[in-house]
Amino acid sequence: MMTHTVAAEPGAWGRLDHLRSRLRTGETAVLVLLAVVLVIVLPPFLFLVRASLTLGSAAAPQYGLDNFVSVLTRSGSELWVTTLLYSLGASALAITLGVSSAWLVARTDVPLRQTALVAAFLSLAVPVIIKSIGWIMLLGPNSGLINVVLRSFVGGDEGPIQLYSLGGMIFVEGLLWTPVVFLLTLPVLGAMDPALEEAAATSGADLRQTFARVTLPLMRPSILAVFLLALIRSLESFEVPLLIGAPGNLHTLTTAIYQSIHTGFVPKYGEASAFAVLLLLLVAAPLAYYYRVTAHADRYATISGKGFRPRRLKLGAWRAPLALWLMIIPLSLAAPVLIMLWASFLPVYKPPALADFASLSLANYWTVWGRADTVAGLANSALIGFWSATLVVALTFIAAWLIVRYRGAGRWALDFMISVPLVFPGIVLGITILIQFLRLPMIPIYGTIWILVFAFLIRFMPYGMRFCHAGILAIQRELEECGRTCGAGVGTVLRRIVLPLALPSVAAAWLYVFLHTIRDLSLAVLLAGPHNQVVAVVILDLWNNGEVPELAALAVVMAAGVTLLGLALMWLSRRASGIAT
Amino acid sequence: MTVARTRWPGMSRRTLRAALLLAGLCASPVAAQPSSVEAIANYDGADRQKTLEAGARREGALLVYTTGTQIKPLLDRFEQKYPYLRIELVRAGSSDVARKVVEEYRAGYEKVDAFELAAHGLVVPRDEEILQPFQSPELAAYVPDAIEAKRHWVVVRESYTGIGHNTKLIPADKVPKTYEALLDPQWKNRMAMSGTSTTAVNWVGTLVLVHGADFVRKLGQQNIRVYNLTGRALANLMSAGEVALSPTIYNSHVAASSEKGAPLGWVAPGPVPVTDTGVAIARKAPHPHAAMLFVDFLLSKEGQVLYRELGYDSARRDMAGSGAPAQKLYLANRPNYIHEYEDWVKLYQGVFLRRR
């Protein structure tokens, strides 16, 4: 399917020339990379398709379309409507909050810029289950801190804020994606040549017009990419609907499917796999649209050869209200972590009260730290995170560059195959990889950290792709051509020109993958053995068997470590790329 | 799709047997020593303890699949007793462990020695013939209900799902003390339950067995809020005051948290479902002697006392008086449990999960 119809060339020399030019244009590189990606992605993909068609027990399997039918006909329109409203609402909220705050931080002189960055990292490190508990502590209808405070003004027995509602689900899920949007768009905005915005300002456009007519259109590929990510992930997310929706008797397609997985003594993957296959069909359409939009890469190139002095827009009278807006984001991102910080000092969780200051202690930290598996788990997680992030970034950086620069049909296939794992449900991917390497003892990575690195490579490839793609799209082709003219080879151009210019995006991708491998629970729990225990296993153990305050102490330690690491990396990457924010 | 089963290096049963046999011959040339996992698991010669220790000394290691680290004090003590054994743990939820070990055995990857796992997680491995029935002198001390019919596992720790409440929000005399009392209109919209794993389903099953399916539907009218949190996390929400009353709270969690000052109380409203964790050994355990020593230790009075200190109850006859409820239902031991469970899942999902 990758073969090209080649126009007839006169003679053997002509064909050789053509082959040479194809080599030069990277066609071969695209095909080689595509082959590598296929080897990685195809086995779990085939497993997924097979699981979606499998009916009955594992011992006596039958095949048919029943899983698809039961997903599509799941009890009326109510589930579908809730699912769509929830996914669209959450992605829209994330885009609004994330893009606006990234723009404020990167392009304007709004105060408190660093605070937003710290909050983004703080929030990324903490697993969703812990954050949801945090939100229940803050907004629970009975004893949620914010509701208790609000009730002292407005009265009533419950609420007034209803967390267990559609709005609550959108709010919590939207905030999960806000830091991703923020971090994905920040490097692109930070590297943007301000000449365009300045020109708008010179032509008499005000702040709002500049943002809406110049900045936003330039950002279209990045925004679209991240909107796609957020939409697809919220379409298939089940944590927030389960934890925040179910208590309010609200159900999405995914929670219904989640329940179908857990109807017996071992998980059943049929419906979950069928849903993933259906999602894959859905993903193809928006991805094709994304391609049409970004087909003319040059339109979005904002990093040019001109030397520019990044200048921040003066907000003037808008400075104070926009600072307030910017603070909403760190506050809402950090709030569940902060309530966990409070909880981590308590023997058993109680809503904050002055009277409890006496009972605060570091006991939970000692307990968590005293566990032999915490330290080993953190070390393994860091190692696995490092390798997963490095491999994902190496693969997707080259792939993204090829996709942006070369025109062959293979590029679309390459991007699509790299994006396929986006729809793999974590638990299905986990069992697939487990089975795959159990049956391939000649690749002896079962039970080692490498099986987790491999699993995370598959899981996070799509994200690395979107980060790198957005970053490379911003680089003007002339800069690379200039390098080639001066005699540099492809490797040198990539290393000395593309990588440094795209470094903020690449670093953000690396961090994103690193952070998510640490907090990912679904893969780790299946693939961890005695020699590759990760911190996620400790989290689940505490979740099942420990007090919430102990879990809180571990979450706080992780959040603090990750924030320091994130800030250090961002700082380094900006220094290295010479782009100041 | 058929996949060729490749044997894992060093995993051959024959090699293992030969090694054990050879080792056995060297260690004690007098009596015929048990060599297969089956023989070791059921050995009842007078020199049982000596044989197991000698074998375990040669094996030097033990791999246990379990749900949590709460058994750490037991492992520490076990390691003290048998310092030549290196213990390794794999932890995950019981259904994940079940799935994992089934796939491992299908692929010929046979490394696990023993399990300390919720009984419902042992059902599938048993049916897939991964568990080796065993015999231990400690079994005599156990109530028959705690021993799986064919001795595939024995319950080493148990806790019970009953009615938990926040003592600050509900005074002691108002607390519902029977399942019927939960139907009182005053509890409408005020209860919550844990929807994770088997907690909810086994609780519904108990109600069906005690009061019938119609009672479950009536209780559904009370509009019980379903939290997809573990029983432990729900107990935490209860001590925080977010949840006042819940019929799916574990006594062990209430005991542990109230010791730390949490305002929690617990009542057994009649027959309660037992959340039972069993010990079992794997049919192709590479370290069967060590596994049997582990089984003996967990079942011993010493082991059971350690469990009790962790908040769990015991099924040993000589450990009575631990405040355990009078009527306990060991659901996983019911002959038709797998099918009943599926019915209960449907009932639970229809009545509580998607309330009308």
Note to self: Around A:Arg371, under 14 Å between beta carbons, what's the net of Lys plus Arg minus Asp minus Glu among the other residues?
What the structure shows: -3
Note to self: Over region A:86-214, with the other protein chains present, what is the accessible area per residue in square angstrom, probe 1.4 angstrom?
What the structure shows: 31
Checklist line | Eligible lysines near A:Lys314 by straight Cα distance, threshold 23 Å, same-chain separation 8 or greater | finding: A:Lys306
Item checked: For region A:263-289 and region B:245-264, distance of Cα centres in Å -> 39
Next item on the list: Pop the C-beta distance of A:Ala409 and B:Arg77 into the FRET formula with R0 = 56 Å and round what comes out to the nearest 0.05.
Entry: 0.30
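Once you have the alpha carbon radius of gyration of region B:143-284, what is it after dividing by 2.2 N^0.38 Å, with N set to its residue count?
1.10
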Notebook entry, point to check: Using a cut-off of 19 Å between alpha-carbon atoms, which lysines can reach B:Lys218, once sequence neighbours fewer than 8 places away in the same chain are excluded?
Noted result: B:Lys177, B:Lys188, B:Lys346
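Which translational diffusion coefficient, to the nearest whole µm²/s, is obtained for region B:217-356 from the Stokes-Einstein equation, given a Kirkwood hydrodynamic radius over C-alpha pairs, 10 °C and 1.306 mPa s?
Diffusion coefficient, whole number: 89 µm²/s.
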Margin query: With the cut-off at 18 Å, tell me which of the pairs B:Lys168/B:Lys328; A:Lys350/B:Lys168; B:Lys72/B:Lys260; B:Lys168/B:Lys260; B:Lys100/B:Lys284; B:Lys50/B:Lys301 have Cα atoms farther apart than that.
Written below: B:Lys168/B:Lys328; B:Lys72/B:Lys260; B:Lys50/B:Lys301
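Report the extension gain between A:Arg477 and A:Leu354 in nm, rounded to one decimal, defined as 0.36 nm multiplied by the number of residues separating them, less their alpha carbon distance. Display every interim value, and only then the final one.
Numbers: separation 123, 0.36 × 123 = 44.28 nm, distance 6.06 nm.
Here the answer is 38.2 nm.
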Notebook entry, point to check: Nearest 20 debye, what's the magnitude of the dipole of the protein assembly as shown about its Cα centre given +1 on Lys and Arg Cβ and -1 on Asp and Glu Cβ?
Noted result: 2060
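Classify chain A: rounded, prolate or oblate, from the alpha-carbon gyration tensor (a ≥ b ≥ c, eigenvalue square roots; a/c under 1.5 rounded; otherwise prolate if a/b is larger than b/c)?
oblate
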Margin query: Of B:Thr248, B:Phe297, B:Leu310, which is farthest towards the positive pole of region B:240-356's charge dipole, taken about the Cα centre with +1 and -1 on the beta-carbons of Lys, Arg and Asp, Glu respectively?
Written below: B:Thr248
Check: In chain B, what % of DSSP beta bridges are antiparallel (nearest 5)?
Finding: 60
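The values are calculated or read from the model by the stated rules, or taken from the named source; none is laboratory data. Quick caveat: nothing in here was measured; it's all calculated off a predicted structure. A quick note on method: Cβ atoms are made from the backbone with ideal geometry, for glycine too, and the neighbour counts reach across all protein chains shown. The accessibility values were calculated without ligands, DNA or RNA, using every heavy atom of the protein model including side chains. Shrake-Rupley method; radii C 1.70, N 1.55, O 1.52, S 1.80 Å.
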